[in-house]
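Peer 1: The structure follows.
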Amino acid sequence: MDSRHVTKRPDGSWQVIAPNAERASYIADTQKEAIDRAKEICTNIGGEMFIHGVDGKIRERNTYNANDAFPPRG
(Lines give C-alpha, C1' and ligand atoms only; values in the text may rest on other atoms or scores of the structure.)
Protein backbone atom coordinates (compact mmCIF):
# COMPACT_ATOMS: atom_id res chain seq x y z
CA MET A 1 0.00 0.00 0.00
CA ASP A 2 1.28 3.43 -0.97
CA SER A 3 0.84 6.65 0.98
CA ARG A 4 0.87 10.40 0.46
CA HIS A 5 1.52 13.21 2.93
CA VAL A 6 0.04 16.70 2.75
CA THR A 7 2.54 19.11 4.30
CA LYS A 8 3.21 22.84 4.37
CA ARG A 9 6.25 24.07 2.47
CA PRO A 10 8.62 26.81 3.68
CA ASP A 11 7.21 29.23 1.08
CA GLY A 12 3.69 28.83 2.53
CA SER A 13 2.27 26.59 -0.19
CA TRP A 14 1.11 23.01 0.43
CA GLN A 15 2.48 19.85 -1.14
CA VAL A 16 1.49 16.26 -1.73
CA ILE A 17 4.53 14.05 -1.34
CA ALA A 18 5.26 10.34 -1.14
CA PRO A 19 7.53 9.03 1.64
CA ASN A 20 11.22 9.15 0.68
CA ALA A 21 10.43 11.20 -2.44
CA GLU A 22 12.81 14.00 -3.42
CA ARG A 23 10.09 16.09 -5.07
CA ALA A 24 6.46 16.79 -4.41
CA SER A 25 3.98 15.20 -6.79
CA TYR A 26 1.67 18.21 -6.44
CA ILE A 27 1.98 21.76 -5.09
CA ALA A 28 -1.06 23.89 -4.20
CA ASP A 29 -1.77 27.34 -2.82
CA THR A 30 -4.15 25.97 -0.17
CA GLN A 31 -4.24 22.94 2.08
CA LYS A 32 -7.71 22.04 0.76
CA GLU A 33 -6.43 21.83 -2.82
CA ALA A 34 -3.55 19.60 -1.71
CA ILE A 35 -5.90 17.38 0.33
CA ASP A 36 -8.26 17.00 -2.63
CA ARG A 37 -5.39 15.93 -4.89
CA ALA A 38 -3.91 13.53 -2.31
CA LYS A 39 -7.34 11.96 -1.84
CA GLU A 40 -7.66 11.50 -5.61
CA ILE A 41 -4.21 9.87 -5.82
CA CYS A 42 -4.84 7.55 -2.86
CA THR A 43 -8.26 6.57 -4.17
CA ASN A 44 -6.76 5.64 -7.56
CA ILE A 45 -3.77 3.67 -6.28
CA GLY A 46 -5.03 2.55 -2.89
CA GLY A 47 -3.18 3.90 0.08
CA GLU A 48 -3.08 6.13 3.11
CA MET A 49 -3.30 9.90 3.21
CA PHE A 50 -1.66 11.74 6.09
CA ILE A 51 -2.66 15.36 6.61
CA HIS A 52 -0.15 17.41 8.57
CA GLY A 53 -1.03 20.64 10.33
CA VAL A 54 0.93 23.88 10.14
CA ASP A 55 3.05 22.59 13.06
CA GLY A 56 4.06 19.52 11.01
CA LYS A 57 2.23 17.02 13.22
CA ILE A 58 -0.18 14.53 11.67
CA ARG A 59 -3.71 15.73 12.39
CA GLU A 60 -5.66 13.28 10.24
CA ARG A 61 -5.14 9.92 8.56
CA ASN A 62 -7.37 8.20 6.00
CA THR A 63 -7.05 4.87 4.20
CA TYR A 64 -8.38 4.33 0.69
CA ASN A 65 -8.74 1.10 -1.27
CA ALA A 66 -8.32 1.34 -5.03
CA ASN A 67 -11.63 0.98 -6.81
CA ASP A 68 -13.47 0.63 -3.49
CA ALA A 69 -17.21 0.36 -4.09
CA PHE A 70 -17.84 1.97 -0.67
CA PRO A 71 -15.14 4.66 -0.11
CA PRO A 72 -15.10 6.52 3.23
CA ARG A 73 -17.03 9.76 3.48
CA GLY A 74 -15.30 13.10 4.00
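The values are calculated or read from the model by the stated rules, or taken from the named source; none is laboratory data. Note that this is a predicted model, so its numbers are computed, not measured. Don't worry about glycine lacking a Cβ; one is built from the backbone with ideal geometry, like all the others, and counts go over all protein chains shown. Quick note on the areas: whole protein, heavy atoms, side chains included, nothing else; ligands and nucleic acids left out. Shrake-Rupley method; radii C 1.70, N 1.55, O 1.52, S 1.80 Å.
Peer 1: Below 8 Å, C-alpha to C-alpha, sequence gap of six or more: please give me the relative contact order for the chain in percent.
Peer 2: Relative contact order of the chain: 29 percent.
Peer 1: Treating the angle as unsigned and between 0 and 90°, give the value, to the nearest 10°, between the Cα long axis of helix 31-45 and the longest Cα principal axis of the chain.
Peer 2: 40 degrees
Peer 1: Now, a different point. If you place +1 on the Cβ of every Lys and Arg, -1 on the Cβ of every Asp and Glu, and leave all else neutral, what size is the dipole of the chain about its Cα centre, to the nearest 20 Debye?
Peer 2: For this selection, approximately 160 debye.
Peer 1: Let me ask something else. What accessible area per residue, rounded to a whole number of Å², is obtained for the chain using a probe radius of 1.4 Å?
Peer 2: Roughly 68 Å² per residue, with all protein chains present.
Peer 1: In the chain, what percent of the accessible surface is made up of carbon and sulfur (1.4 Å probe, ligands and nucleic acids excluded)?
Peer 2: 47 percent
Peer 1: Let me ask something else about it. Can you list residues from other chains, or at least 5 along the same chain, whose modelled amide H is less than 5 Å from the amide H of SER25?
Peer 2: Placed amide hydrogens put VAL16, ILE17, ALA18 under 5 Å from SER25.
Peer 1: Which percent of Cα pairs goes in each bin when the distances of the chain are cut into 5 angstrom slices starting at zero?
Peer 2: 3, 19, 29, 26, 14, 6, 2, 0
Peer 1: Given the whole protein assembly as supplied and a 1.4 Å probe, what does the accessible area of ILE17 come to in Å², nearest 10?
Peer 2: 30 Å²
Peer 1: I would also like to ask the following. With θ taken as phi - 60° and the coefficients 6.51, -1.76 and 1.60, list the Karplus ³J(HN,Hα) couplings across the stretch 17-23 in order, rounded to whole Hz; mark glycine and proline as x.
Peer 2: Rounded to whole hertz, the list is 9, 7, x, 6, 7, 7, 10.
Peer 1: Now, a different point. Tell me which of TYR64, ILE35, GLY53 sits at the most positive position along the dipole axis of the chain, charges placed on C-beta atoms (Lys, Arg +1; Asp, Glu -1).
Peer 2: Comparing the listed Cα positions along the dipole, GLY53 ranks first.
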